[in-house]
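Okay, structure first, notes after.
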Amino acid sequence: MAYIFDTNIFIRSKNEMPMDIWPTFWERFREMVNSGDIFTSVTVKEEIDKGKDELTEWLKTNAPKSFYLSLDADVMIQYANVQNWAKSNPVYSPQALNTFANVADACLIATASAKHLTLVTYEGSSPNSKKRVMIPDACNAMGVRCCDLNTVLRELGITI
């Protein structure tokens, strides 16, 4: 099984497990990034690059180009399906739909769907949220499996 990581996995890991205190975690993370078992979207890279911090540098040093999945034709077909689902859901406000269309989330879900990947995020489900389209809810609607980082570590047999 292969996985695609949301931006929040990287950012929370950086904030909650600083690289200078958790070197073993970051070594295991580097191994996962290079294993071909986990990926992320070019849109996540763009979000992380905006931070211009140690996480940006860590990814530049440790992630191969193949780690970043592009928005190819198959992904863009699924992207349209994800957007159509969100727009047809009467619970979401126009602002929520606009945000969903302009952040990495919809691209992640589309990539996971097109490439048959499990989407890894710390977001929780909130199907009645008017202000934000939550990744687990969109994944559920699109038939995409969604889990958190600890689930991935367990499934890959990684201990720290």
query = How many residues are assigned to a helix (DSSP H, G or I) and either buried (at least 19 other Cβ atoms within 10 Å of the Cβ) or without any contact (Cβ under 8 Å) to a residue 12 or more places away in the chain (or both) when one looks only at the range 36-46?
reply = 3
task = Say whether the condition of being within 30 Å of Thr159 (Cα to Cα) and in a helix (DSSP H, G or I) is met by at least one residue in the range 67-80.
result = yes
note = Exactly one of Asn102, Asn62 is open to solvent by 40 Å² or more (accessible area, probe 1.4 Å) and farther than 16 Å from Leu149 by Cα, and that one is Asn102
ask   = List, please: which pairs have Cβ atoms under 6 Å, are six or more places apart or on different chains, and start with a residue in the range 133-159 that is over 11 Å from Ile4 (Cβ atoms) and end with one that is open to solvent by less than 60 Å² (accessible area, probe 1.4 Å) and among the small types (Gly, Ala, Ser)?
value = Val133/Ala86; Val133/Ala96; Met134/Ser126; Met142/Ser113
query = Looking at Ala86, is it crowded, with 16+ Cβ neighbours inside 10 Å, part of a helix (DSSP H, G or I), among the aliphatic types (A, V, I, L, M) and at pLDDT 95 or above?
reply = yes
query = Restricting the search to the range 27-57, which residues are more than 14 Å from the chain's Cα centre (by Cα) and closer than 16 Å to Asn8 by Cβ?
reply = Phe29, Asp49, Lys50, Gly51, Asp53, Leu55, Thr56
message = Step by step: first the residues of the range 65-82, then only those that are of a type in the set (A, V, I, L, M) and open to solvent by less than 40 Å² (accessible area, probe 1.4 Å), then the one that is nearest to Asn102 (Cα to Cα). Which residue is that?
response = Val82
query = What pairs can you find where one residue is in the range 99-117 and under 12 Å from Ile135 (Cβ atoms) and in a helix (DSSP H, G or I), the other is open to solvent by 10 Å² or more (accessible area, probe 1.4 Å) and among the charged types (D, E, K, R), and their Cβ atoms are less than 7 Å apart, with a gap of 6+ or different chains?
reply = Ala104/Glu47
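The values are calculated or read from the model by the stated rules, or taken from the named source; none is laboratory data. Source: prediction; values computed, not measured. Reconstructed Cβ throughout: ideal geometry from the backbone, glycine too, with neighbour counts over all protein chains shown. Keep in mind that these areas ignore ligands, DNA and RNA; they rest on the heavy atoms of the full protein, side chains included. Shrake-Rupley method; radii C 1.70, N 1.55, O 1.52, S 1.80 Å.
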